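Worksheet: the structure to be examined is printed underneath.
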Amino acid sequence: MAILVNEDTKVIVQGITGNIGSRQTKLMLDYGTKIVSGVTPGKGGEKVHGVPVYDSVKEAKEEHHIDASVVFVPAKFVKDTCFEAIDAGMKLIVLVTEHTPVYDTMQTNAYAKANGAMVIGPTTPGIIAPSEKIKIGILPGNMFCPGNVGLISRSGTLTYEIAANLCEEGIGQSTAMGMGADSVVCTNLVDLLKLFCEDDQTEAVAIVGEVGGTE
């Protein structure tokens, strides 16, 4: 069993009509992720790769069951976007956006915790569970393989480089994720290790740091 996500997780993409959001939506769908809707204010009624677009998360929730959100919006909109998702009942938010202001990250994290939600990131490549055929974010699915080793990384690129090295040695992953590379992130190493410790599939965890980091 993976942590945080599984094959039945229903995902919404906030910022789906942007270049990155649209491209990554296609790649997530190709991997097997169940993306049920997207949100871009003012673009409601459109479709992206067959996924219906709504003006707000609230509108999307009225039409679909949704478990998690992935965020591809400009940094200045991150806080409001995450607050909107939390207000709509999202319990898992994967925040891919880079350069989010530190204070916005702190406010987002505080609001998430006060409402029983978890935010991964910012500047995270996302989460992938190879055995469940789900990835939320920008991780390249072809560099991961199913197994019993968890992977937590502060570096986006090293997340999949380490996974590829593990796969070459026949060591698959239960769940792999990037914590986010910013100086302040919403979910820390200890939080994620606790989840892996509770996961029956995970027998070991690889932890990857970031150049210049101390965590």
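The values are calculated or read from the model by the stated rules, or taken from the named source; none is laboratory data. Remember, it's a predicted structure, so these values are computed and weren't measured experimentally. Reconstructed Cβ throughout: ideal geometry from the backbone, glycine too, with neighbour counts over all protein chains shown.
At-a-glance table
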read-out	value
Pairs where the first residue, in the range 167-181, is surrounded by fewer than 24 Cβ atoms within 10 Å (Cβ to Cβ) and the second is among the hydrophobic types (A, V, I, L, M, F, W, C) and part of a strand (DSSP E or B), C-beta under 9 Å, 6+ apart	Ile171/Val149; Ile171/Ala204; Ile171/Ala206; Gly172/Val149
Matching residues in the range 90-103 - criterion: being under 16 Å from the mean Cα position of the chain (by Cα) and either more than 21 Å from Gln24 (Cβ to Cβ) or not polar (S, T, N, Q) (or both)	Met90, Lys91, Leu92, Ile93, Val94, Leu95, Val96, Glu98
The listed residue being among the charged types (D, E, K, R), modelled with pLDDT of 95 or more and crowded, with 24+ Cβ neighbours inside 10 Å, out of Lys91, Lys135	Lys135
Qualifying residues in the range 156-166 (those that are of a type in the set (Gly, Ala, Ser) and crowded, with 20+ Cβ neighbours inside 10 Å) - the one farthest from Asn188 (Cα to Cα)	Ala163
Qualifying position, being out of contact with any Pro (no Cβ under 7 Å at 6 or more places or on another chain), surrounded by 14 or more Cβ atoms within 10 Å (Cβ to Cβ) and either in contact (Cβ under 8 Å) with a residue 24 or more places away in the chain or of a type outside the set (Asp, Glu) (or both), among Val190, Val102, Val119	Val119
Given (1) within 23 Å of Ile16 (Cβ to Cβ); (2) surrounded by 15 or more Cβ atoms within 10 Å (Cβ to Cβ), index of the condition Phe144 fails	(1)
